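Here the structure comes first, spelled out in C-alpha cells, and everything after it is commentary.
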Amino acid sequence: MNQETLTNDYKREEAVDEVRLASVADRELIRLVAARSHEAFAELYRRFSAPLFNFLLSLVSDQHAAEDLLQEVFLAIWKGAGHYRGAAAVKTWLFNIAYKQAVSHLRRRKEVLVDDLDQIAAAPGSPGLSGDPIQNRIIIQALERLTPQHRAALELVLYYKMSYREAAEVLACPVGTVKSRVSYARRQLQAMIHASGQSAEDRY
Amino acid sequence: MAASNKDRDEELNYLLPGYINGQLPPEQRQQVDAWLDSSPQAGEQLRSWQQIHTALQGRPVRTPPSGIWLALERRVFHNDVRRGSSAASLLAGFALAAITLVLLWLTIRPGVLLQWTVNSDSLAAYRIYRAHGDSQEFVLLGEIDSKPGEMRYTYLDVLSLPGQRYIYQVEGVTPSGVSIVSQRVASQPLTALPGQLAILISSLVLGILAAIMVRNWDTARLPRLLPT
C-alpha cells in the first residue's frame, strides 16, 4: 500500500467522519471532545465559532482581542469538556465560558465603560430617524456605550434567542438581574433613539 | 388594582423578546396577543423592542479569521502529540541519568578514603572493618592482600552514606593467621557528600535534558482538520 493510497483512505475516512458528526447533537459532540476526538472538536468549532466570535466582539469591541479570546475559549472547551455535566444546554455552557473570558479580559484592560448616551445623541452625523439604516446605526452605537453586562444580557435574550433563565446561566446571575439589565438596556436605547430624533427636529 | 395591572404589564413586557423571536410557548403567546389588542402602550413597547431587534439583526455577522483555527490546532493537537511521547521521554531521561550516575560513580568514586602505612611487609593481608556511629558492631568491608615491598595501602569506602559518621578499623593478618588490630579512626559525616552530590546533580541534569530533547523530538503534525 503506497503513500497516496493511504492519504486517499484517510481523506475518505475524514469525509465520512465529517458527514457523521454534522448530524450529531451538541451534547454528544461535547462528550466526544471530552474523549479527545479531534474531528468532534473541529465540528464544534464549525458550529459555534461564529456566534461566539460575534458575541466576544460585541463585548470587547476589539477585533484582535476577540480573536485571542475566541482561541482561549476553545482552548478552555478542549481542556474542560470533561467537566460538562449536561445541567445546562451546550450553547449556554459555551456562551458562559466566552462571557467569563471577556469579563476577565475587560478587567485586565481596566476599561471604564459608561452608560452615558448623551455623547452619541450630541454627536455630529446622527441625523435622527430619517431612515432605518441610520436609526440602526444609532442603536448599534448606543449599544456599544452600554456596560458589557447590560449589552450581554440584551443580546443574549434578543439576538441569541435565549430565555431569561439561559441568559442567567451564561451571566452567572439571578434571572431577576437579567430581566432588570435587559429592561434597563432597552430603556437606555429607547432614550437614545428619542434624543436623536429630537435633535434632528431641532436642527430642521 | 392599578398596581397589579402595572405588574402584569411589566411581566408581559418581559415576554416581548421571546414573542419577537418566536420562542414563546402558545399560552404565553396568546397572553401577549391579548395584551397587544387591549393596550396601545403594549404596541409601543413592542415597536421599541422590534427597533432594537432589527438593528441587532442588521449587524454584519463576522466570520472568525482562519488563522484562529490554525493557531488553535497547533496548540491543542501539537500538545497531544507531545503528550503521547512523554512516556518515551521519561524513559530516555531516566536511562541516561542512571547510566551517567553509574559511570561517574565508578570513575570518580566518591567515598571515604582510608590510608595506612606499615613498617614491614611481614603481614599477609589487611581486613577493613566499619562500624556505624558509636556502635561497636564492626562489619567486614573488604580484604586486601599484602604486596611484597609495598608499605603504603589505601581503601576507598564508596558505600558510605552522606551525613553518617563511621568508625574504621584495619586488621593486619600474619601468614600464620594472627591478627594485629589498628587504632580506630572516625570519618566526618560530610566527608563524601560533595563528590556524591556533584555526581547526583550532574546525572539528574543530563537526564532532564535528555527527557526534554526526546519530548521535543517528535513534532510530527496531525492531519489538518481545518473547518470550512
### Query
In degrees, nearest 10, range 0 to 90: what is the angle between the Cα axis of helix B:86-108 and the longest Cα principal axis of chain B?
20
### Query
So what's Rg/Rh here for chain B, counting alpha carbon atoms and using the Kirkwood radius for Rh?
1.60
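Going by C-beta contacts inside 10 Å, put B:T54, B:T117 in order with the fewest on the left.
Fewest-to-most Cβ neighbours within 10 Å comes out as B:T117, B:T54.
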### Query
Which residues make up the longest stretch of chain B clear of trypsin sites (Lys or Arg not before Pro) that lie in a DSSP loop with no more than 11 other Cβ atoms within 10 Å, not counting the sites?
B:1-220
### Query
Can you give the FRET efficiency for B:Q169 and B:L193, using 1/(1 + (r/R0)^6), R0 = 30 Å, r = Cβ-Cβ distance, to the nearest 0.05?
0.85
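Using Cβ counts within 10 Å as a stand-in for footprinting exposure, how do A:K91, A:K100 rank, fewest first?
Working: A:K91 18, A:K100 15.
Going from sparsest to densest Cβ surroundings: A:K100, A:K91.
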### chain B, helix-only ellipticity at 222 nm - DSSP H runs n ≥ 4, -39,500 (n - 2.57), divided by all residues, nearest 500
-18000 deg cm²/dmol
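In region B:42-129, what is the volume of the convex hull around the alpha carbon atoms, normalised per residue and reported in Å³?
264
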### Query
Among B:I199, A:I138, which comes first, second and so on when ranked by fewest other beta-carbon atoms within 10 Å?
B:I199, A:I138
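Bear in mind these aren't lab numbers, they're just calculated from the coordinates by the rules spelled out. Keep in mind the model is a prediction, meaning the values are calculated, not measured. A quick note on method: Cβ atoms are made from the backbone with ideal geometry, for glycine too, and the neighbour counts reach across all protein chains shown.
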